[in-house]
Structures are given as structure tokens and as C-alpha cells.
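Step one of this worksheet: look at the structure below.
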Amino acid sequence: MNRKICVVGAGAVGLSTALKIQTECPNAKVTVLAKEFYDKTTSFAAAGIYLPGEDEFINDPAIFKKWLQDSWDHYSKLCNSKDAGKAGAQKISGYFLFKEGYKYKRPIFADIVYQFRELSNEELKTISYGYFITTVVLDPSIYLKYLEASLRKNGTELIKAQVNSLEELSNDFDIIVNCSGLGSQKLANDSDLYPVKGQVLKVEAPWMKHFTYVYSYDATCYVIPGVKAVTVGGTREKGNYDKRPDSKKTEEIWERALGYFPELYEAKRNYVIGGLRPTKLDMLVKPEILNCGNGKSIPVIHNYGHGKHGIALSWGTATESAKLAKSLISNSNL
Ligand SMILES: Cc1cc2nc3c(=O)[nH]c(=O)nc-3n(C[C@H](O)[C@H](O)[C@H](O)COP(=O)(O)OP(=O)(O)OC[C@H]3O[C@@H](n4cnc5c(N)ncnc54)[C@H](O)[C@@H]3O)c2cc1C
């Protein structure tokens, strides 16, 4: 019998998870349900760079590293494939600089990315510490469409719908995979999950080829070129639920960026966008048997809480979720 699997959510996490499940479980009928697609998701706002810090993920660094490695293996392959342009995937080099407040810790991705090199004192000048890396960036304005198209090609249905509770899906599906990002506050009843609002400008500046990320306590500033747009950021506002851009903050971001990168001066400012990073201390891929009442229960796989690294981590957590879905199908009477 063909199992019916519902993936809730159509951001980078939901689409990647649906695609990985459809590949791992070719006989399953996978459906994506989401109240918002593409440019209405948080994923669309992202710069899309693979530059994951481990600060939030304190529970199990080994699992975190595995997700990172699985993501990297996939993205680096994509970057070197004939699909790179269609997927908005490119290799990118640049600087990560700590203006102040740096406590030395070798980044978790140092041994994963193409190149990682600590900067010398001559290079650092007034900066406290920094490194030069070569990594990948996935332009979400292209990548999300690529994932959607790949899913449709594989026979996955994508449906716009609001889900009010996971229980309500139990009559129509055999397995639910919850990739609803911040929506999991309600759908998974998770009060540890909170938004960290981010706001960026998307500009046209094709002469900007390197990324630079300047970390500072109060005003981090970055410029990250993607295939279509250069992302100039940014902000981090914990607990702000209003994703609409704030015009005063836009001008602050822009002024700060011009201060660091005068070469942006002639850039065409295309649009400003805000997004709510779905954040929790220990992000989550976790199976659960959900009791739906009337003696009925349904397996759920949760995959949410990716915070500021949802593009970088999404393929890794999708891989883990697909493994869980596959073993649920083969080890049970589902
Ligand atoms: C400004 C900014 C820059 C960023 N830059 C980067 C970066 O460079 N690299 C990186 O790795 N990460 C970056 N991030 C983080 C990244 O964008 C997020 O971690 C990622 O988008 C989370 O993906 P998601 O699929 O979990 O959530 P989302 O993209 O928010 O998707 C959630 C989905 O669930 C659906 N949904 C929610 N509730 C319901 C419901 N009740 N019923 C039906 N559907 C529902 C939504 O409609 C949506 O489709 C950035 C974020 C921001 C804001």
C-alpha cells in the first residue's frame, strides 16, 4: 500500500524534507501543505550562506555536526553539478571579521567547507580576529523555486492550506512531518520556540563578488552576494513578531553598510524584507506518536527551530527526517 505522508511547511526546511522523503520512500504519496509559499516564507528573506555557528545548539554537537556535514555534502555537489544555475547555488569566498568580543573557538564548519584560513595580524589591522573561508551560498529566490519544481517533477503535490492542528491531518495521512518553523509554537505546542526578527536589503551590485560579515555586539553588518541579489544586513530582534521592515532600521543598515563597504554606493536597492527566524535553544528533529483522541494515534516527525541557519542546515535535517520516515514505514504496520 502507498503510504500517505504530509509535510507541513514550504520553507527551505519543508521543501527539502519533502524532496528527501520522496527520494528515500519512492512509493509514498507525499503532500506539502503550507499556508505560505515562496516569497512569504522566512526562507525567502535569507542570504542563504552556509556559515553556521553552533552557539544555539548546545545539546548534541555530534548530531549538529552530522547535519552540517550532510548539508555540505549535498550543497557542494549541487554547486558542482549542471543544476547549479537552476538551483541558485554558487561557491563564494569572503571574510568573517570580529570587530570586538571575540573568544577563540574554532568554528564547527572549519573542517567542512572548501577553505578555512585564520587571518594574520597584518590582515587584521584594527579587527580583533577573523577568518577567510570559501563556502557555498544558495540564493533563496531561485533555490525555493528549484525545490518546488523538483517536487512537482517527482509527483509531490503542493497545496496552500492553513493547518490548525496536526491532529486534524490524521484522517487523511499515515505520517505527518512538521516543518512549520515558527508555526510550531502552536502546532507542536512548543513554548521554547521564539522569533528573532531579521531585516535585510536585497540590492543589485554585480561587482560585489566576495562576502564580508562583520560581527559586533550591537551592530553586525554583512554583505553577501547571491546569484540574483546581494543581501545587505542586518538586524536581530529577539521576540519581535512583526516581520514588516522598519524604515528607520533600513536606513541604519544601509548607512552602516556604506561605512564598511563604500563600493556599495552605486548599488540599486531593489527591496527590503523582514523575516522571523524560528529559534530555540536546541533545534529539533524528533519523532513522536501523537494521540488524536478516540483511540487514534499518528506518527509525527518534528523538524523545526533552525534559527539563523535554516538554509545551511535544512538538507541535513531533511536527511535525518527522511531516515525516520523510511524506518517508520519499514518497521511498522503503517
Ligand atoms: C534576514 C535573514 C537572513 C538569514 N540568512 C540566513 C543565511 O544566510 N543562511 C542560513 O542558513 N539561514 C539564514 N536565515 C535563517 C533562515 O532563513 C531560517 O532558519 C529558515 O528560513 C527557516 O526555515 P523554515 O522552513 O523552518 O521556516 P519558514 O521559511 O518560515 O517556513 C515555514 C513554513 O511553515 C508554514 N506554516 C507555518 N505554520 C503553518 C500552519 N499552521 N499551517 C500551514 N503552514 C504553516 C509557513 O507558511 C511556511 O511555509 C536568515 C533569516 C533571516 C530572517
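The values are calculated or read from the model by the stated rules, or taken from the named source; none is laboratory data. Given the structure is predicted, the values throughout are model-derived calculations rather than measurements. A quick note on method: Cβ atoms are made from the backbone with ideal geometry, for glycine too, and the neighbour counts reach across all protein chains shown. When the accessible area is computed, the model is the full protein with side chains, heavy atoms only, and any ligands, DNA or RNA have been set aside. Shrake-Rupley method; radii C 1.70, N 1.55, O 1.52, S 1.80 Å.
Summary table below
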quantity: For segment 212-249 versus segment 62-121, the gap between their alpha-carbon centres in whole angstrom; calculated: 19 Å
quantity: Carbon + sulfur, % of accessible area of the chain - ligands and nucleic acids excluded, 1.4 Å; calculated: 51 percent
quantity: Neighbour net charge for Lys243 - beta-carbon separation under 13 angstrom, K R +1, D E -1; calculated: 0
quantity: Protection proxy ranking of 263-273, 171-181 - average other beta-carbon atoms within 10 Å, highest first; calculated: 171-181, 263-273
quantity: Rounded if a/c under 1.5, otherwise prolate or oblate - the chain, Cα gyration tensor axes; calculated: prolate
quantity: Solvent-accessible area per residue for segment 4-331 (1.4 angstrom probe, square angstrom); calculated: 45 Å²
quantity: Antiparallel DSSP beta bridges within the chain, percent to nearest 5; calculated: 70 percent
quantity: Overall form of segment 19-138 per C-alpha gyration tensor (a/c, 1.5; a/b vs b/c); calculated: prolate
quantity: Ordering of 34-47, 80-93, 284-297 by burial proxy (mean other Cβ atoms within 10 Å per residue, highest first); calculated: 34-47, 80-93, 284-297
quantity: FRET efficiency, 1/(1 + (r/R0)^6) with R0 35 Å, evaluated for Arg106 and Asn331 via beta carbons; calculated: 0.35
quantity: Nearest-0.05 FRET efficiency for Asn270 and Lys29, computed from C-beta distance (R0 51 Å); calculated: 0.85
quantity: For Leu151, net neighbour charge (Lys/Arg +1, Asp/Glu -1) across residues whose Cβ lies under 15 Å away; calculated: +3
quantity: Exposure rank, largest accessible area first [His74, His210; 1.4 Å]; calculated: His210, His74
quantity: Spin-label model distance (nm) - Asp39 vs Asp83, 7 Å beyond Cα toward Cβ; calculated: 2.5 nm
quantity: Mean Cα-pair separation over length for the chain, i.e. relative contact order, pairs under 8 Å, 6 or more apart, %; calculated: 27 percent
quantity: Net charge of Cβ neighbours under 12 Å - reference Glu255; Lys, Arg +1; Asp, Glu -1; calculated: +1
